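Accompanying notes for the structure given below.
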Amino acid sequence: MTTATQFGLSTIGQIAITVRDVGRAVAFYRDTLGLRFLFEAPNLAFFDCGGIRLMLGPPEGNKDSFSSVVYYKVDDIQDAYATLKSRGVAFEGEPHLIAKMPDHDLWMAFFRDPDGNLLALMSEIRN
């Protein structure tokens, strides 16, 4: 466990790009740009960009709002959540399970920067 004074975010685990048509976007990113396709989930597609995962999906909430989301990879999402919360970060909810993968569970917790940009903590907890 880290202490609040030592903790700092550093590793980007995933970046999300909002798209209108996931199928069209998959064709562009995979076939045109040549990114390595990883997998699809309902209305989402994932690629490998040199060790950083790229997620393509529709915008959340306001369907006319397009932005990117930076996901910071942490080993212990509960500890990171508690530390950042103690520093005044207002999370949109507690860390929660996003998906059960074959070899790990994917957990996330979302928050916003002072300008309203969406950021997230992500943790891949091995089974």
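Return yes when A45 is among the aliphatic types (A, V, I, L, M) and surrounded by fewer than 17 Cβ atoms within 10 Å (Cβ to Cβ) and no when it is not. Criteria not met by A45. Could you list, in sequence order, the residues of segment 4-18 that are outside any strand (DSSP E or B) and either within 13 Å of I77 (Cα to Cα) or of a type in the set (S, T, Y) (or both)? Within segment 4-18, T5, F7, G8, L9, S10, T11 qualify.
Could you tell me whether any residue of segment 76-86 is within 16 Å of the chain's Cα centre (by Cα) and under 26 Å from V19 (Cα atoms)? Within segment 76-86, none of the residues are within 16 Å of the chain's Cα centre (by Cα) and under 26 Å from V19 (Cα atoms).
One residue stands out among those in segment 4-42 that are among the aromatic types (F, W, Y) and surrounded by 17 or more Cβ atoms within 10 Å (Cβ to Cβ): the one that is farthest from K85 (Cα to Cα), which is Y29.
Within segment 78-101, residues that are charged (D, E, K, R) sit with their Cβ atoms under 8 Å from residues that are surrounded by fewer than 14 Cβ atoms within 10 Å (Cβ to Cβ) and assigned to a loop (DSSP other than H, G, I, E, B), at 6+ positions apart or across chains, in these pairs: D79/M1; D79/T2; R87/A4.
Only the coordinates and a few stated rules stand behind these numbers; no lab work does. This structure is a prediction, so every number in the text was calculated from the model and none was measured. Every residue, glycine among them, receives a Cβ derived from its backbone with ideal geometry; neighbour counts consider all protein chains shown.
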